[in-house]
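A.B. asks: Can you keep this structure in mind? I'll have questions shortly.
Since every read-out is calculated from the coordinates, none of them should be taken as a lab result. What you see is a predicted model, and the numbers here were worked out from it, not measured in a lab. Note that each Cβ is placed from the backbone with ideal geometry, even for glycine, and that neighbours are counted across all protein chains shown.
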Amino acid sequence: MIDLYTAATPNGFKISIALEEMGLEYRVHKLDFSTNEQKQPEFIAINPNGRIPAIIDRDNEDFVVFESGAILLYLAEKTGKFLPAEPKKRSQVIQWLMFQMSGVGPMMGQANVFFRYFPEKIPAAIDRYQKEGRRLFEVMNTQLATNQYLAGDEYTIADIATWPWVRIHEWSGINMDGLTHLQRWLDELALRPACQKGIVTPPPVEMSDEERAKQIQKMVTK
Ligand SMILES: N[C@@H](CCC(=O)N[C@@H](CS)C(=O)NCC(=O)O)C(=O)O
């Protein structure tokens, strides 16, 4: 049994998708950002960074893993799924996983902050993160022109890490014009039952757009 500490965000969805794909048994613990549950001592004891996602593997001496990329690697190694054993292929998956962790996630995250949530609208900041997001999208589009998946011909944890982010490109204000290969990949993965289940685990929080914006603003400006 895996305990999953999460919320309805792209980084959280990576792990619910992976757990679904791998057929692992898991329990969802949804953290409430509106009460700052992720910064309370009980959760800091699990993830010193005070952010979701994190897991506890009850079948491995209550081993704790935080950071979504590290969790994906841990689960892939535990199950032997979505991470090839052959060293070069394995390295290619890790390269695209790192590309997501250090590029796509942080850049789209900052695009969301400056485009959607930050109280002042700073055009130079919005432009910078949206342009960098678009540049990263173009890199993936080129890769996907000759490969079915990000790391080659197999669906892997690199795709699982990246899909929940790219699918919210409209929210980040990053345009997809002309990126036909990236769009093909987005649409193909959207048909996978694990992806469909993963992005509603946990379900989206019911609140007005205004309330959501207020809460996120509180988080990004504190
Ligand atoms: N690098 C981390 C990023 C985690 C992260 O930023 N999580 C966000 C949700 S997507 C969070 O917990 N935000 C709440 C906060 O910052 O207090 C990972 O990939 O696990």
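A.B. asks: Helix-only mean residue ellipticity at 222 nm, the chain, DSSP H runs n ≥ 4 weighted -39,500 (n - 2.57), per residue, nearest 500. What is it? Intermediate values should be presented prior to the final figure.
C.D. replies: On the way: 11 runs with 118 residues, N = 222.
Computed mean residue ellipticity for the chain: -16000 deg cm²/dmol.
A.B. asks: A follow-up question, please. From the backbone phi of the range 3-8, what are the Karplus-calculated ³J(HN,Hα) couplings (6.51 cos²θ - 1.76 cosθ + 1.60, θ = phi - 60°) in whole Hz, Gly and Pro given as x?
C.D. replies: Listing the rounded values in order: 8, 10, 9, 7, 7, 7 Hz.
A.B. asks: Taking springs between alpha-carbon atoms closer than 10 angstrom, which of G133, G50, G198 fluctuates most in the Gaussian network model of the chain?
C.D. replies: Highest fluctuation among the options: G50.
A.B. asks: Of the listed peptides 53-66, 153-166, what is their order by residue-averaged count of other C-beta atoms within 10 Å, with the highest listed first?
C.D. replies: By packing density, highest mean first, the sequence is 153-166, 53-66.
A.B. asks: Relative contact order of the chain: what whole-number percent is it, with Cα pairs under 8 angstrom and at least 6 residues apart?
C.D. replies: 27 percent
A.B. asks: Now for a separate question. Beyond a 32 Å Cα-Cα separation, which of these cross-linked pairs lie in this structure: K89/K121; K30/K81; K14/K214; K78/K197; K39/K88?
C.D. replies: Working: K89/K121 43 Å; K30/K81 26 Å; K14/K214 25 Å; K78/K197 21 Å; K39/K88 39 Å.
From the list (K89/K121; K30/K81; K14/K214; K78/K197; K39/K88), the Cα-Cα distance tops 32 Å for K89/K121; K39/K88.
A.B. asks: Is the C-alpha gyration tensor of the chain telling us rounded, prolate or oblate? Criteria: a/c under 1.5 is rounded; beyond that, a/b larger than b/c is prolate, otherwise oblate.
C.D. replies: oblate
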